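Okay, structure first, notes after.
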Amino acid sequence: VQLQAFGGGLVQAGDSLRLSCSASERIFRTYTLAWFRQAPEKEREFVASISWNGATTYYGDTVKGRFTISRDNAQNSVILQMNSLKPEDTAVYYCAASKLTGWARRVYEYHYWGQGTEVTVSS
């Protein structure tokens, strides 16, 4: 298993939640890592990405200013800190890895996917 996501759950609007995704060392050290999400009956949506060295991050417009992506080098993990959660953040969240550098934000640009973790935000 190359990627495994953890940390989903049921929270209330305004709460915070932290997702983590553990990666194999090869993936973690050399790939762009990202989070996507997919709400029921909607397309998978880019949330955030971080470059292989952690120097560059990108965010989707709907989460900018509320979510933070980071790398935990000691744990070979990518973290998504989600603050000020809204009901519209409800979705299954997937971590993914891409060989591409720069702003890879399309599903087809990612080569490995984790199994998804469900986040539900109640109003």
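The values are calculated or read from the model by the stated rules, or taken from the named source; none is laboratory data. Keep in mind the model is a prediction, meaning the values are calculated, not measured. Here the Cβ positions follow ideal geometry from the backbone for every residue, glycine too, while neighbour counts run over all protein chains shown. Each accessible area value is taken on the protein alone, full model and side chains, heavy atoms only, with ligands, DNA and RNA left out. Shrake-Rupley method; radii C 1.70, N 1.55, O 1.52, S 1.80 Å.
Using a probe radius of 1.4 angstrom, the carbon and sulfur fraction of the accessible surface of the chain is 46%.
Averaged per residue, the chain has 52 square angstrom of accessible surface, using a 1.4 angstrom probe with ligands and nucleic acids left out.
Dividing the summed helix terms, -39500 (n - 2.57) for each DSSP H run of n ≥ 4, by the number of residues in the chain produces a 222 nm estimate of -1000 deg cm²/dmol to the nearest 500. Structural descriptor for the chain: relative contact order 35 percent, calculated from alpha carbon pairs under 8 angstrom and at least 6 residues apart. The simple Förster model, with R0 at 22 Å and r as the Cβ-Cβ distance, assigns S123 and F6 a FRET efficiency of 0.30. For the chain, the fraction of alpha-carbon pairs lying more than 25 Å apart is 15 percent, rounded to a whole number. Here the alpha carbons of the stretch 1-62 define both size measures, Rg and Dmax, at 13.3, 37 Å.
Under the combined filter of DSSP loop state and at most 13 neighbouring Cβ atoms within 10 Å, the stretch 32-72 retains these trypsin sites (Lys or Arg not before Pro): K42, K64. Straight-line reach from K86: taking Cα to Cα under 24 Å and skipping same-chain neighbours fewer than 8 places apart, the lysines in range are K42, K64. Were the residues from A55 through S70 laid out at 0.36 nm apart, the gain over their Cα-Cα distance would be 4.4 nm. The calculated FRET efficiency for the pair A13 and E41, based on their C-beta separation and a Förster distance of 22 Å, comes to about 0.55.
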